[in-house]
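The values are calculated or read from the model by the stated rules, or taken from the named source; none is laboratory data. Since this is a predicted model, take the numbers as computed values, not measurements. In this analysis, Cβ positions are derived from the backbone assuming ideal geometry, glycine residues included, and neighbour counts consider all displayed protein chains.
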Amino acid sequence: MTGEAKRNFHLIAPYAAWMALMLALPETAWAYAARGVVSAALLVFSFRAIAFRFGAAKGIFTGIAAGCAVFAVWIAPEIIFGVSTGEVKASAASPYSPEVCGWPLTLIKLASSAFVIAAAEELFFRVWLVEFAGFWWMILLFAVEHGERWHVGAVAGLIYAFLAKKYGVYAAIASHVTTNLVLGVWVIVFERWEFW
């Protein structure tokens, strides 16, 4: 495998594994945990192999602040403006609520959502895909990935892409991690399971 092929593998593998397991496994807390474990292992392997290429971790605090702003954008259509996206509907029995799956699996869902898929998406979308397909294809595919929430997905993608371009991928990862972590805590505290 050439150096470029190895680099591409490390940028793609964590996200590809996540998506493949999402398609192959049922929507249960255990399946989500399995996705998290497999993708986390690939992320560790990938970061050990390619982290030096990304330079210093600058813009982290800007990324964290931007992540909080993306969280506000993410919930704004339903919470602030009362506009339903169609995908988000009230749900009393989420497969990820502690009453259904128990606190350990709920917390694994939170950790996987915040620290695993956020980092995997940033490596895939903001590093590999933007180089492979270009900026606007990356934004379009990131929006499409978020289904009926494509509009807020596009805004989030633009913000993360700006951070990656200005400060580097670590700032984009910090932002995406912050968004997903704050969203997950908000979902758990206010029992808004429909956002998960």
Original post:
Just one of the numbered conditions (1) in contact with a Phe, Trp or Tyr (Cβ under 6 Å, 6 or more places away or on another chain); (2) at pLDDT below 85 is not true of residue 51; which one?
Top reply: (1)
**OP:** Could you tell me which numbered condition residue 129 fails, if it satisfies all but one of (1) over 23 Å from residue 45 (Cβ atoms); (2) crowded, with 16+ Cβ neighbours inside 10 Å; (3) modelled with pLDDT of 95 or more; (4) not charged (D, E, K, R)?
**Re:** (1)
Original post:
Just wondering, is there one or more residues in segment 172-184 that are at pLDDT 95 or above, closer than 19 Å to residue 29 by Cα, part of a helix (DSSP H, G or I) and among the polar types (S, T, N, Q)?
Top reply: yes
**OP:** Only residues that are modelled with pLDDT under 95, surrounded by 15 or more Cβ atoms within 10 Å (Cβ to Cβ) and either touching a Ser or Thr at 6+ places or on another chain (Cβ under 8 Å) or in a loop (DSSP other than H, G, I, E, B) (or both): list them for segment 54-73, please.
**Re:** 57, 59
Subject >> Selection status of residue 152, in contact (Cβ under 8 Å) with a residue 60 or more places away in the chain, more than 22 Å from residue 27 (Cα to Cα), touching a Phe, Trp or Tyr at 6+ places or on another chain (Cβ under 7 Å) and not basic (Lys, Arg) >> reply: yes
Original post:
Does segment 99-109 contain at least one residue that is under 17 Å from residue 75 (Cα atoms) and either assigned to a helix (DSSP H, G or I) or modelled with pLDDT of 95 or more (or both)?
Top reply: no
